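S.K.: Would you mind keeping the following structure in view while I ask a few things?
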Amino acid sequence: PAPTSAAGGAAVQPQDLSEGEITRWDPRALKVTLRHGELKNLGMPPMTMVFRVKDASVLAPFQVGDKVRFRAERQSAGYFITHIEAAR
């Protein structure tokens, strides 16, 4: 089966994902800090920054230090992770 987005939308293609590493995760605030490579869809260079998630369960399988592949989108309230998976 094709992967689906964290927001329950259409499937995300592998070429749409960016590489990153979780450096901090605050489930109460629904915020995760990622050290990431280039985010092509956002025109953003590699850096470390805070992203938001709509639901803490999206990050439940992960912990600090995990390498991930993810998709982020800019929304009115900031940058949100719309898809995340373990890096292979």
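S.K.: For the chain, what percent of Cα pairs sit more than 23 Å apart?
M.R.: Details: 461 of 3828 pairs.
I get 12 percent for the Cα pairs in the chain exceeding 23 Å.
S.K.: How much length would be gained if the chain were fully extended between LEU42 and ARG24, taking 0.36 nm per residue of separation minus their Cα-Cα distance, in nm to one decimal? Walk me through the intermediate numbers first.
M.R.: Values: separation 18, 0.36 × 18 = 6.48 nm, distance 2.16 nm.
Between LEU42 and ARG24, full extension yields 4.3 nm more.
S.K.: When the accessible area of the chain is split by element with a 1.4 Å probe, what percent falls to carbon and sulfur? Could the numbers behind the result be given before it?
M.R.: Values: 2710 of 5350 Å².
Here carbon and sulfur together make up 51 percent of the probe-accessible area.
S.K.: Then there's this: Multiplying the sequence separation of ARG52 and ASP16 by 0.36 nm and subtracting their Cα-Cα distance, what value in nm do you get? Display every interim value, and only then the final one.
M.R.: On the way: separation 36, 0.36 × 36 = 12.96 nm, distance 1.85 nm.
Taking ARG52 through ASP16 to full extension adds about 11.1 nm, to one decimal.
S.K.: For the range 18-86, what is the percent of antiparallel DSSP beta bridges, rounded to the nearest 5? Intermediate values should be presented prior to the final figure.
M.R.: Details: 25 of 26 bridges.
Here the antiparallel bridges make up roughly 95 percent for the range 18-86.
S.K.: Something else now. Can you give the extra length, in nm with one decimal, that the chain gains between ARG35 and SER76 once fully stretched, where that is 0.36 nm per residue apart less the Cα-Cα distance?
M.R.: Values: separation 41, 0.36 × 41 = 14.76 nm, distance 2.22 nm.
Full-extension gain reported as 12.5 nm.
S.K.: Any idea of the accessible area per residue across the chain, 1.4 Å probe, to the nearest Å²? Before the final figure, lay out the partial values.
M.R.: Working: 5350 Å² over 88 residues.
Value for the chain: 61 Å² per residue.
The values are calculated or read from the model by the stated rules, or taken from the named source; none is laboratory data. None of the values given here were measured: they were computed from a predicted structure. Only protein heavy atoms, including side chains, enter the accessible area calculation; ligands, DNA and RNA are left aside. Shrake-Rupley method; radii C 1.70, N 1.55, O 1.52, S 1.80 Å.
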